[in-house]
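*Asks:* Below you'll find the structure I mean.
The values are calculated or read from the model by the stated rules, or taken from the named source; none is laboratory data. Predicted model only: the values in this text are computed from it and were never measured. Neighbour counts are summed over all protein chains in view; Cβ atoms, including those assigned to glycine, are modelled from backbone coordinates with ideal geometry. What goes into the accessible areas is simple: the full protein's heavy atoms, side chains included, and nothing from ligands, DNA or RNA. Shrake-Rupley method; radii C 1.70, N 1.55, O 1.52, S 1.80 Å.
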Amino acid sequence: MSSFISTLKKFPKVFWVSNVIELFERWAWYGFYNGFFALYLTSAKEDGALGFTNVEKGVIMGTGSMILYFLPVITGAIADRVGYKKVLILSFTTYILSFFMLSRFESFELIFAAFICLAVAGALFKPIVSGTVARVTSSETSSVGFGIFYMIVNVGGFIGPFISSLVYKNSWNNVFLISIGAMALNYLFVFFLYKEPAVEKSDKSFIQNVGIAFRNIGVTLTDWRYLLFLLIIGVFWSAYNQFYYSFPVFIDSWVNLDKMAVGLGLEAGKITTVTITSLASFFIIFLQLVISSLTTRLRPLNSIMTGIFVLAIGLAFMFTNVNPWMIVFG
């Protein structure tokens, strides 16, 4: 315990500031994305939502996710060149404008464009805080540092949807306002507390740096074992992401959550679809240390295969029955 405390004391101020920024960004993102967005896209217009089809929902969310996870290859190079603080400010501004547009637009084309802007904002942000943590930790502190970082990710991932679950039934617009507010708070941390980490300047141009990144990707993809690994992990995440895409719609359409609420002594309507989806991050926070300690005894491949097997069981419980307790277990 004393060694853990001494490790915590070695982290500089910018480490803790970066984690607070991550907390509010994840609060804003998951409060909107985890369960709420799929419902907002597909619920009836009479209820104040958009009334899109599930196919239209898939096009919007799938395209946005692709951009969100592809662009950091480029945005990371941009941040190294122009500075982390400038890219953070650009990211927060784009986030806020995108949330506002999503709350006001109604047509498929405009919502699609606004969500692409939101994905670009996320892609601008993604490499910054993880990059900062990497640059301000050493070989001695990086393990604990990234453990704290990912715990903070899930704390934000729990708080955001939980708050959304309390307000979205009153007004869909409330969720967007909360996300805008959480993101706006990050301006204070960036302007007054965040200190730019030292970045080794490259003598190559921005285009050359991006070219090197893509060339390295190309070299990596010539390894058939790595390609097979990517295929397996790609299938895993395709299945897992149904938690955001399909699961909220399934819960809202087929599962009676009022029975669960009454069973817990709550009023009908107190437990919502977004409440159930917010539990995922809570379980991750609660079980992370236990699971991590167990997997240290396994080879990485065995750990991965076990995770895939457990995911299959969880999805089976989530999508093959309408008992809310069994779904939560899943």
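*Asks:* Charges on Cβ only, +1 for Lys and Arg, -1 for Asp and Glu, centred on the Cα centroid of segment 1-154; of THR137, SER65, GLY147, which one is farthest towards the dipole's positive end?
*Replies:* The listed residue farthest towards the positive side: THR137.
*Asks:* Treating only the Cβ atoms of Lys and Arg (+1) and Asp and Glu (-1) as charged, compute the dipole magnitude of segment 8-73 about its Cα centre; round to the nearest 20 debye.
*Replies:* Working: 6 positive and 5 negative charges, 102 e Å.
The calculated dipole for segment 8-73 is roughly 480 debye.
*Asks:* Let me ask something else about it. How big is the dipole moment of the chain about its Cα centre under a simple scheme where the beta carbon of each Lys and Arg is +1, that of each Asp and Glu is -1, and everything else is neutral? Debye, nearest 20, please. Spell out each step's value before the answer.
*Replies:* Working: 22 positive and 16 negative charges, 183 e Å.
In debye, rounded to 20, the chain gives about 880.
*Asks:* Let me ask something else. Please list, or write none, the aspartates and glutamates whose alpha carbon is within less than 15 Å of the alpha carbon of LYS259, excluding same-chain residues fewer than 8 places away.
*Replies:* GLU267
*Asks:* Beyond 25 Å between alpha-carbons counts as too far, so tell me which of LYS13/LYS204; LYS126/LYS169; LYS45/LYS270 fall in that bin.
*Replies:* Numbers: LYS13/LYS204 31 Å; LYS126/LYS169 30 Å; LYS45/LYS270 23 Å.
Violating the 25 Å limit, Cα to Cα: LYS13/LYS204; LYS126/LYS169.
*Asks:* Give me the percent of the accessible area of segment 43-179 that comes from carbon and sulfur atoms, probe 1.4 Å, all protein chains in place. Working shown, then result.
*Replies:* Values: 3980 of 6030 Å².
Carbon plus sulfur share of accessible area: 66 percent.
*Asks:* Next question, about the same structure. Give me the accessible area of LYS195, 1.4 Å probe, in Å² rounded to the nearest 10.
*Replies:* Using a 1.4 Å probe on the heavy atoms, I get roughly 150 Å².
*Asks:* Which number do you get for Rg(Cα) / (2.2 N^0.38 Å) in the chain? Let's see the in-between values first.
*Replies:* Values: Rg = 20.7 Å, N = 330, 2.2 N^0.38 = 19.9 Å.
Working it through for the chain, the quotient is 1.04.
*Asks:* Helix 108-136 versus the longest principal axis of the chain: what angle, 0 to 90°, nearest 10, using Cα atoms?
*Replies:* 40
*Asks:* Going by alpha carbons, how many degrees (0 to 90, nearest 10) lie between the helix axis of 142-167 and the longest principal axis of the chain?
*Replies:* On a 0 to 90 degree scale, this one is about 30.
*Asks:* Each residue of segment 36-42 in turn: what ³J(HN,Hα) in whole Hz from Karplus with 6.51, -1.76, 1.60 and θ = phi - 60°, glycine and Pro shown as x?
*Replies:* Rounded to whole hertz, the list is 5, 5, 4, 5, 4, 5, 9.
*Asks:* So what is the calculated 222 nm ellipticity per residue for the chain, using -39500 (n - 2.57) for each DSSP H run with n of 4 or more, over all residues, to the nearest 500 deg cm²/dmol?
*Replies:* Values: 17 runs with 260 residues, N = 330.
One gets -26000 deg cm²/dmol as the mean residue ellipticity at 222 nm.
*Asks:* Roughly how many nanometres apart are two label points built 7 Å out from the Cα toward the Cβ at TRP237 and VAL310?
*Replies:* Using points 7 Å along Cα→Cβ, the separation is 2.0 nm.
*Asks:* Also, I was wondering about something else. Taking only protein heavy atoms into account and a 1.4 Å probe, give the accessible area per residue of the chain in Å². Can you show the working numbers first?
*Replies:* Values: 17480 Å² over 330 residues.
That works out to 53 Å² per residue.
*Asks:* State, as an integer percentage, the relative contact order of the chain based on alpha-carbon contacts under 8 Å between residues 6 or more apart.
*Replies:* 27
*Asks:* Same structure, new question: Cα axis of helix 224-240 to longest principal axis of the chain: angle in degrees, 0 to 90, nearest 10?
*Replies:* The angle comes out at about 40 degrees.
*Asks:* Which loop-located trypsin sites (Lys or Arg not before Pro) does segment 227-330 contain, where loop means any DSSP state but H, G, I, E or B and the Cβ has at most 15 other Cβ atoms within 10 Å?
*Replies:* Working: sites: LYS259, LYS270, ARG297; in loops: LYS270, ARG297.
Of the trypsin sites (Lys or Arg not before Pro), the ones in loops of segment 227-330 whose Cβ has at most 15 other Cβ atoms within 10 Å are ARG297.
*Asks:* Let me check I have the definition right: for segment 19-122, take the eigenvalues of the Cα gyration tensor, multiply each by 5, take square roots. What are those semi-axes in whole Å, largest first? It would help to have the intermediate numbers written out before the result.
*Replies:* On the way: eigenvalues 144, 40, 27 Å².
Result for segment 19-122: semi-axes of 27, 14, 12 Å.
*Asks:* Follow-up question, since we're still on this one. Which of the aspartates and glutamates could a cross-linker bridge to LYS9, judged by Cα under 18 Å and excluding same-chain residues fewer than eight apart?
*Replies:* GLU140
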